[in-house]
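The block underneath contains the structure these notes are about, expressed in structure tokens.
The values are calculated or read from the model by the stated rules, or taken from the named source; none is laboratory data. Everything numeric in this text was worked out from a predicted model, so none of it was measured. Methodologically, a virtual Cβ is constructed for each residue, glycine included, from the backbone with ideal geometry; neighbour enumeration extends over all protein chains shown. Side chains included, ligands, DNA and RNA excluded: accessible areas come from the protein's heavy atoms. Shrake-Rupley method; radii C 1.70, N 1.55, O 1.52, S 1.80 Å.
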Amino acid sequence: MGSTTTENNGDAGVGRRDLIKRSAALGLISVPTMSFLSACASGGGDGDKVDKGEKTEQNPLGVNEKAAMEAVIFDGGFGTQYVEDAIKDYERSFGKVKFTATQDIQPLLQPRLVGGNPPDVIDNSGAKAMDAATLISKDQLADLTPLLDAPSFDDPGKKVRDILVPGTIEMGQYGDDKCYRLNYAFTTFGVWYSKKLLDDNGWEYPKTWDEMLALCAKAKKKGIAGWTYAGKHPYYIPFTLYPFIAKIGGWDVMKSIDNLEPNAWKQDAVKKAFDAYYELAAKGYVLKGTPGLDHIQSQTQWTKGKAVFIPNGSWVENEAAPTTPKDFEMTMAPPSSLDASDKMPFETIWAQAGEPFIVPQQAKNVDGGMELLRIMLSKKHAQNFAKLVKSLTCVQGATEGMSLPPGLASSSAALDAAGENVVNPRLPDWYQTLHKEDVGGALAEMMAGRMKPDEAITKIQAAADKTAKDDSIKKYKHA
């Protein structure tokens, strides 16, 4: 959480006691009594807001042209250069931007939101991201509808909402029509591998689970593990497990899990998927030491050829670039099907708008934060993002005519092949703690061989039931 002193939070009017109260109001700490919770106040107020600017054709959001703005950006797989480049364009028309890059989003910013002095725009991503659902339920995030209804940067005849990939706006909605997050990157999740490694060994990507196990057995004989993953961040495992469950039992199975329906985790499709993944560990097809590896370490072992497959998102091509051989031919594929009885085709993948940007409700320059996002949604900066980080954005058609690197080309091709068979589990953003700690924790134990599939399912179902019964947690459902 960081220091809670007045000085370190940069708010001369907020002391330690007020911070504790506001933490409770945000649901960030537990308190012993409801009377104490009810006494908590929310930080900040409109008195610190910058004055509105004049709305013009060039300034449709009415940004104050002289006001300063602050951006805090997650420095992860995508780096921060793409935002820094957009900031340069912002500063040509508006005030100076204070820029901070960090991997510690929650420790750095949660005290500031509690204290009522947040930055104007935040890339709320990474392992230490803040729980967006909690922030939204406590009215801490601005509704981005003014941005969505503003003219797009390149074509004033189109609103921003009209240039976004379908599903982008929905990823920012939490139970109503308001949009609280702009998920800038369009991420595909799947099984990643080196095409060169497969070609050199005469292997083909396995389309069924039996074929997957057979390939892993061949790899093991050559001293290569079948799989590795981010053992210290086991919520990476669902990047392929969730769409695998959907393939086996149909999209309704995952929807019931997202909706926290009773016994959703005890459905047959879940049991089959868990049994299949457990078999990877039981047969020794997981790289030794994987449970102790973080995302960078596991990716490095993979790019060194120590393992054939890794579950990951499309940011991995950029994140793993420092250790990736030039002839690696990084490729993404959908998770293997279980067998011919699957309800959805092999081409089914999980894809969604990711890398969530938020504008705090109590930010001093809300309009400036939204304007930076409008600039980032221009074709210039969408293409710059693709060039810099080898990933797609949520801007429709932005990469048309571009020459794409192998990983991005394969993920784009997989998305095209999936057609309507794209699933979008919402558990990770609706119930972040359940997804990361409970599901991820049980999967970590299972894949390490310390827990059987039935035990893992029972533990996860109990955690889901507890979440469903907790009246302090706002609930969401698929339409």
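For the chain, what is the charge dipole size about the Cα centre, in debye to the nearest 20, if Lys and Arg each add +1 at the Cβ and Asp and Glu each add -1 at the Cβ?
In debye, rounded to 20, the chain gives about 1100.
Size of the dipole of region 309-382 about the Cα centre, Lys and Arg at +1 and Asp and Glu at -1 on the beta carbon, nothing else charged, in debye to 20?
420 debye
For a protection proxy built on the mean count of beta-carbon atoms within 10 angstrom, sort 468-476, 239-247, 220-228, 360-368 highest first, please.
239-247, 360-368, 220-228, 468-476
Normalising by the residue count of region 355-462, find the relative contact order in percent from Cα pairs under 8 Å and 6+ residues apart.
11 percent
For a label point 7 angstrom out from the Cα of ASP199 toward its Cβ, which stretches of region 323-346 have the backbone nitrogen within less than 17 Å?
In region 323-346, the label zone of ASP199 (backbone N under 17 Å from the point 7 Å along Cα→Cβ) covers 325-333.
Give a residue-ordered list of calculated ³J(HN,Hα) values for region 340-350 (Karplus: 6.51 cos²θ - 1.76 cosθ + 1.60, θ = phi - 60°; whole Hz; x for Gly, Pro).
Working through the residues one at a time gives 5, 7, 4, 7, 10, x, 3, 5, 4, 9, 9 Hz.
With Cβ to Cβ distances under 15 Å as the rule, what net charge do the other residues near LEU197 carry (K, R +1; D, E -1)?
That works out to +4.
Kirkwood hydrodynamic radius (Cα pairs, Å) of the chain?
With all distinct Cα pairs of the chain included, I get 23.4 Å.
Applying 1/(1 + (r/R0)^6) with R0 = 22 Å to the Cβ-Cβ distance of ALA321 and GLU170, what FRET efficiency is obtained, to the nearest 0.05?
After rounding, the FRET efficiency stands at 0.10.
With the full set of protein chains in place, find how many percent of the accessible area of the chain is carbon and sulfur; take the probe as 1.4 Å.
Here it works out to 48 percent.
Put +1 on the Cβ of every Lys and Arg and -1 on every Asp and Glu Cβ in the chain; which of ILE457, LEU408, PRO356 then has its Cα farthest towards the positive end of the dipole?
About the Cα centre, the residue reaching furthest to the positive side is ILE457.
How large is the dipole of region 38-154 about the Cα centre if only Lys and Arg carry +1 and Asp and Glu carry -1, each at its Cβ, rounded to the nearest 20 debye?
With Lys and Arg at +1 and Asp and Glu at -1, about 320 debye.
Within the chain, what percent of beta bridges assigned by DSSP are antiparallel, to the nearest 5?
Approximately 60 percent, going by the DSSP bridge assignments.
If you stretched the chain out fully between ALA468 and ASP275, how much longer would it get, using 0.36 nm times the residue separation minus the C-alpha to C-alpha distance?
Full extension from ALA468 to ASP275 adds 66.9 nm.
Mind checking the full-extension length gain between ASP416 and THR208? Use 0.36 nm per residue of separation minus the Cα-Cα distance, one decimal, nm.
Between ASP416 and THR208, full extension yields an extra 72.8 nm.
Within region 396-438, what residues put their amide N at less than 16 Å from the label point 7 Å along the Cα-to-Cβ vector of ARG161?
It comes to no residues whatsoever.
Quick check: residue separation of GLN58 and ASP139 times 0.36 nm, minus the Cα distance between them. What number comes out in nm?
Length difference between fully extended and current span is 26.2 nm.
Given a cut-off of under 8 Å on Cα pairs at least six residues apart, what relative contact order in percent is computed for region 251-349?
In percent, rounded to a whole number, it is 18.
Tell me, how many Å apart are the Cα centres for region 225-264 and for region 144-199?
22 Å
Which residue, chosen from LEU388, TYR431, ALA398, occupies the Cα position most advanced towards the positive end of the dipole of region 294-442, where the dipole is computed from +1 (Lys, Arg) and -1 (Asp, Glu) charges on Cβ about the Cα centre?
Value computed over the given set: LEU388.
Might you tell me the accessible area per residue for the chain, computed with a 1.4 Å probe and given in Å²?
Result: 42 Å² of accessible area for each residue.
Among GLY419, TYR242, LEU182, whose Cα sits farthest toward the positive end of the charge dipole of the chain (+1 at Cβ of Lys/Arg, -1 at Cβ of Asp/Glu, about the Cα centre)?
TYR242
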